[in-house]
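Everything on this sheet refers to the single structure shown next.
The values are calculated or read from the model by the stated rules, or taken from the named source; none is laboratory data. It should be emphasised that the depicted structure is a prediction, and the values quoted were computed from it without experimental measurement. When we count neighbours, we look across all protein chains shown, and the Cβ atoms used for this are built from the backbone with ideal geometry, even at glycine. With ligands, DNA and RNA removed, areas are computed over all heavy atoms of the protein, side chains included. Shrake-Rupley method; radii C 1.70, N 1.55, O 1.52, S 1.80 Å.
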Amino acid sequence: MPSFFDLSFVSWWIDTLAPAQMCACKTLARFPLSSAMARITRTNRFRSLAFPFLGFRLRWYNTPSPPYFSHSAAAAASVVGDESSDDTVEELLTKGDSIRGLMKMERRSEPEEASGRWFPYLDLCRVGSASLTSREVIKVLEPYILDARKERMKRVVNNRSYSVSLVVEGLADFGNVSAAFRSADALGIQSVHAISSDNRKRYKDNRHVSMGAEKWLDIELWKSPKECFQALRMRGYRIAATHLGDDTVSIYDLDWSLPTAVVIGNEHMGISHEALQLADLRCCIPMIGMVDSFNVSVAAGILIHHAVHDRFSRLGYHCDLAAEELQVLLAEFYLRHRDSSMTIVHEYAKRKLGNCFTEVPH
């Protein structure tokens, strides 16, 4: 028997203990110990294994992940903290400042007349009194992001589109809002809109529903359907309100290659009368069961999925952004990646301007 406790002891214990003791770790013994330990240590949920009949507990510490930044950079000292955003859907929907702070690149002004296809960003990032292009932003931030993360962001951006937009009106449950946002992110919809509700239900318990999708979306808040729909029409969208009624058209009969903003309504009351009157058309998801409606977040997922599928069928693609727009959106993603990204860009801008300003942006 080994005189010290290590992984070889565990191996010896699995190989030599009586069958009655072996049954307590039967699952572990099905595959090599090294494989078991490797699988367990890859997750933060397990940091120890207990063996009560032997009177000890095996503990280990996960190896720290490589940093996202270079320690040699001047701004690296301030690059700390978790990658995930502190923003929650509740904060974003109840505090306009959170929304404005989420978007980093300079946004276009609203068009004065209806446009053909909408893209919200200029190739411009204002940092104090300095102005940087998307190419500069990407060049500055790339050394601070792991290659795997950069590749994932590039892949996501290359599958994004603004041609289909999701609008949620008066949803009372932030869990449903976050689930709808998660579906939009997963299916390549970049633009989502929320028409305000008076409900202030706590969202904190439902944060896991969105999986942080709100960090990567362009979320816009509106006070009324009229305000929202007017802006969307000027951007070139038609408004499709989901509704149960005889005057609706099936989502399968719509041409989703046209810029479309699809509106889903309150969990209990559905689309408001005002929104129905202002919409360009009313659509529904055909149902053949005994119930006549889906959960609102499920309906949002079905609608978006079909819209994207229809675009692929008609156009052969979903993403329709030009090369310059893809570059600008990638810069936006890089800037949203960590809270410290703006600090790094600020340090670069200071050097570019010869230390002409010192205030760090928030």
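Placing a pseudo-label 7 Å from each Cα along the Cα-to-Cβ vector at residue 351 and residue 158 gives an inter-label distance of 3.0 nm. Note on region 107-195: antiparallel DSSP beta bridges, both residues inside, total approximately 45 percent of the bridges counted. Going by accessible surface with a 1.4 Å probe and the largest first, 144, 121 read 144, 121. Shown are 342, 287, whose ranking by accessible area with a 1.4 Å probe and every protein chain present, most to least, is 287, 342.
Compute the Cα gyration tensor for region 228-277, then decide on rounded, prolate or oblate, letting a ≥ b ≥ c be the square roots of its eigenvalues: rounded whenever a/c is under 1.5, prolate when a/b is larger than b/c in the other cases, and oblate in all that remain. It is oblate, given that a/c is not under 1.5 and a/b is not larger than b/c. Give the residue from 229, 265, 278 lying farthest towards the positive end of the charge dipole for region 225-297; charges sit on Cβ (+1 for Lys and Arg, -1 for Asp and Glu) and the dipole is referred to the Cα centre. So the residue we want is 229.
Modelled this way, with points 7 Å down the Cα-to-C-beta line, the labels at residue 151 and residue 238 are 4.1 nm from one another. Nearest 0.05, what FRET efficiency do residue 252 and residue 292 give at R0 = 25 Å with Cβ-Cβ as r? Efficiency computed from Cβ-Cβ geometry: 0.90.
Measuring r between the beta carbons of residue 269 and residue 320 and using R0 = 51 Å, the FRET efficiency lands at 0.90. Accessible surface of residue 272, taken over heavy atoms with a 1.4 Å probe and every protein chain present, rounds to 40 Å². Put 193, 309, 273 in order of accessible area, highest first, and with a 1.4 Å probe you get 273, 309, 193.
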